[in-house]
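K.L.:
There's a structure below that I have some questions on.
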Amino acid sequence: MKLIGLNREEVKNALKTGRVTIAVYGMGKMGLPLAAVFADHGAKVIGVDINERVVENINRGENHIKEEPGLDELVRRNVEVGRLRATTDGIRAAKEADVMVILVPTLTDERGNLKLGPVYDVAEKISKGLERGDIIITEATMPPGTTESLIPIFEKSGLKVGEFGLAHAPERTMTGTAIRDITGQYPKIVGASDEKTLEAVIGIYETINGKGVIPMSSIKAAEAVKVFEGVYRDVNIALANELALWCEEHGLDALEVFQAANTQPYCHLHMPGAGVGGHCIPVYPWFVINLAKKTNPRLIKTAREINDSMPHHVVELTVKGLNDAGRPLKGSNVLVLGLTFRGGVREFMKAAAKPIIEELKEWGANVYAYDPLCTREDAERFGAGWKEDFRGIDAIVITADHREFKELNLERLAGEMRTKVIVDGRNVLDPEKARKYGFRYLKVGNAG
Ligand SMILES: NC(=O)c1ccc[n+]([C@@H]2O[C@H](COP(=O)([O-])OP(=O)(O)OC[C@H]3O[C@@H](n4cnc5c(N)ncnc54)[C@H](O)[C@@H]3O)[C@@H](O)[C@H]2O)c1
């Protein structure tokens, strides 16, 4: 059922009663949860992916995004009742669907330079199945202006924007909390090509999101929301890191100061740490920087520099900890705990462990690594040996906040390590406890 021209209540009603077909392109960490949630609220959903194995799994009712709590059940239930199915045929899906959601990867390099191949591919396929009254929504993160730059591709269908609707509704979530976030942790941000499309898209997201929808005046403004959220985090983490370095110089514990300062409602000092990784926070600032033609986003550039310098600082802390214990870094056995960029997720983009391992090796340390989500091959790819115990280790360096590291048995560590130095790059351990077991405990914002 075509939704343009309906008011939001009519849209909700149509969706809940199974009269709307939604095609979600990209059945990955974000796409599959979204597709399952739409289906669970009554829509007929076609999941589109180029990966045949992914499609087969879904059609068997199997969830392949294991990090997502609750998704197994959601996929199984909705496939069983026939509301969710998957295909590799993106053109046919576009022909059948009333709403097409693009949630394929927007690939970038570390400096935010885009490779929009998957998005273009999907846009081409949609253009071959587009009908009057259809709505296309980009949910994948887009530098402001990107969604509208796809219009010429969609218009290859012979239809003009206005005859079909275009909208951007950024995915405001992350792996591990997608279902919770999609269904109502935060309001949905929506910008559309015209008022009728906006009204329909509000209806679509109000159906699934208990926190409602914030309509924006344009598609570009909606794109900017998501990007600015990332910039805010990056700049504020950089501020926390800068103050943490200052605290180290002045013999203060940064976290003690931050926590007290944050009891005042205008202060939101973030957590300092070993570096900012992932596909989002360190990349989105580059979207702003790269698109600035007349303005010079100095603060944003400086924040990037500060955050990128933190792995080097963690190496400096390791040198200090070892030297204080009477050992040079050269020849020491250092175990890096964490290869992923953050806890609980097997993603490596800009993981702090990589430059830390490289620099430790440059200075002559013997470097080992362990990560509960990774394999020996992953460690070798990072240039480190794989080690699952602490025997003979002189310093451990924590670079990801995995649950397993928060629960480290410090007594066992103290018994096995040759030199008792901990550099906690993610603030996961209790400093008092570590010191009780005789460790030299250093972290960003307190050099011991
Ligand atoms: N992962 C996150 O935490 C997160 C958070 C917010 C926003 N996002 C954004 O969501 C988008 C998707 O990210 P993701 O993490 O779900 O990616 P992902 O890598 O987990 O999954 C992407 C899926 O798209 C499929 N795909 C690739 N090219 C395709 C094509 N041409 N046609 C159909 N399917 C194709 C892949 O096979 C894969 O299954 C990105 O723009 C990302 O920036 C991700």
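The values are calculated or read from the model by the stated rules, or taken from the named source; none is laboratory data. Small disclaimer: the values here were computed from a predicted structure and weren't measured. Neighbour counts run over all protein chains shown; Cβ positions are idealised from the backbone, glycine included. SASA here: full protein model, heavy atoms, side chains in, ligands and nucleic acids out. Shrake-Rupley method; radii C 1.70, N 1.55, O 1.52, S 1.80 Å.
K.L.:
Nearest 5 is fine: what % of DSSP beta bridges in the stretch 8-216 come out antiparallel, could you say? It would help to have the intermediate numbers written out before the result.
P.N.:
Details: 4 of 29 bridges.
Of the beta bridges lying entirely in the stretch 8-216, close to 15 percent run antiparallel.
K.L.:
Skip the ligands, DNA and RNA, and give the accessible area per residue of the stretch 8-216 with a 1.4 Å probe, whole Å². Before the final figure, lay out each step's value.
P.N.:
Working: 8210 Å² over 209 residues.
That works out to 39 Å² for each residue.
K.L.:
Using only Cα atoms and rounding to the nearest 10 degrees, what angle (0 to 90) does helix 31-40 make with the longest principal axis of the chain?
P.N.:
50 degrees
K.L.:
As a test, work out the antiparallel percent of DSSP beta bridges whose residues both lie in the stretch 322-448, rounded to the nearest 5.
P.N.:
Values: 1 of 20 bridges.
Antiparallel: roughly 5 percent of the beta bridges in the stretch 322-448.
K.L.:
What number, rounded to the nearest 500 deg cm²/dmol, is the helix-based mean residue ellipticity at 222 nm of the chain, given -39500 (n - 2.57) per DSSP H run of at least four residues and division by all its residues? Spell out each step's value before the answer.
P.N.:
Values: 18 runs with 184 residues, N = 448.
Result for the chain, helices only: -12000 deg cm²/dmol.
K.L.:
Now a separate question. What percent antiparallel are the DSSP beta bridges of the chain, to the nearest 5? Mind dumping the intermediate values first?
P.N.:
Details: 5 of 49 bridges.
Around 10 percent antiparallel, to the nearest 5.
K.L.:
Additional query: What shape does the stretch 8-216 take by its C-alpha gyration tensor, where a ≥ b ≥ c are the square roots of the eigenvalues and a/c under 1.5 counts as rounded, a/b above b/c as prolate, and the rest as oblate? Walk me through the numbers on the way to the answer.
P.N.:
Working: a/c = 1.27, a/b = 1.16, b/c = 1.09.
In terms of gyration-tensor shape, rounded.
K.L.:
For the chain, give the percent of accessible area contributed by carbon and sulfur heavy atoms, probe 1.4 Å, rounded to a whole number. Don't skip to the answer; put the middle values down first.
P.N.:
Values: 9950 of 19290 Å².
Taking all protein chains in place, the chain shows 52 percent carbon and sulfur surface.
K.L.:
Give the aspartates and glutamates reachable from Lys160 as a straight Cα distance under 20 Å; neighbours fewer than 8 places away on the same chain don't count.
P.N.:
By straight Cα distance, Lys160 reaches Glu96, Asp98, Asp121, Glu124, Glu131, Asp134, Glu148, Asp194, Glu195, Glu199.
K.L.:
Check each of the trypsin sites (Lys or Arg not before Pro) in the stretch 256-341 and keep only those in coil by DSSP with at most 15 other C-beta atoms within 10 angstrom; list them in order. It would help to have the intermediate numbers written out before the result.
P.N.:
Values: sites: Lys293, Lys294, Arg298, Lys301, Arg304, Lys320, Lys330; in loops: Lys293, Lys294, Lys330.
Filter output for the stretch 256-341: Lys293, Lys294, Lys330.
K.L.:
Still on this model: Per residue, how much accessible area does the stretch 301-443 have with a 1.4 Å probe, in Å²? Write down the numbers at each step before the final one.
P.N.:
Details: 6090 Å² over 143 residues.
Heavy-atom SASA per residue in the stretch 301-443 reads 43 Å².
K.L.:
Just in the stretch 24-63: which GluC sites (Glu not before Pro) are loop by DSSP and have at most 10 other Cβ atoms within 10 Å?
P.N.:
Details: sites: Glu52, Glu56, Glu62; in loops: Glu62.
Listed in order of number, the matching sites amount to none.
K.L.:
Cβ under 14 Å from Glu67's Cβ, Glu67 left aside: what net charge do those residues give with Lys, Arg +1 and Asp, Glu -1?
P.N.:
Local charge sum for Glu67: +2.
K.L.:
Could you tell me the center-to-center distance, by alpha carbons, between the stretch 374-410 and the stretch 97-121 in angstrom?
P.N.:
Measuring centre to centre over Cα atoms gives 34 Å.
K.L.:
If Lys and Arg each add +1 and Asp and Glu each add -1, what is the summed charge of the other residues whose beta carbon sits under 14 Å from the beta carbon of Arg76? Walk me through the numbers before you get to the answer.
P.N.:
Numbers: positive: Arg60, Lys66, Arg77, Arg83, Arg85; negative: Asp40, Glu62, Glu68, Asp72, Glu73, Glu80.
Cβ neighbours under 14 Å give a net charge of -1.
K.L.:
If you line up the long axis of helix 195-208 against the longest principal axis of the chain, both from Cα atoms, how many degrees apart are they, to the nearest 10?
P.N.:
60 degrees
K.L.:
Around Leu6, what is the net charge, scoring Lys/Arg as +1 and Asp/Glu as -1 over all other residues with Cβ under 10 Å from its Cβ? Don't jump to the answer; show the numbers that get you there.
P.N.:
Details: positive: Lys2, Arg8, Lys12, Lys196; negative: Glu9, Glu10, Glu199.
Taking every Cβ under 10 Å from that of Leu6, the sum is +1.
K.L.:
Which whole-number percentage describes the relative contact order of the stretch 8-216, with Cα contacts under 8 Å and a sequence gap of 6 or more? Don't skip to the answer; put the middle values down first.
P.N.:
Numbers: 443 pairs, mean separation 44.1, N = 209.
Result for the stretch 8-216 is 21 percent.
K.L.:
Between the helical axis of 298-324 and the dominant principal axis of the chain, each derived from Cα atoms, what acute angle in degrees is found, rounded to the nearest 10?
P.N.:
For helix 298-324, the angle is close to 30 degrees.
K.L.:
With every protein chain left in place and a probe of 1.4 Å, what is the accessible surface of Leu299, to the nearest 10 Å²?
P.N.:
Number for this one is 120 Å².
K.L.:
Which one, Val201, Val81, Val421, has the greatest fluctuation when you compute a Gaussian network model over the chain with C-alpha springs under 10 angstrom?
P.N.:
Val81
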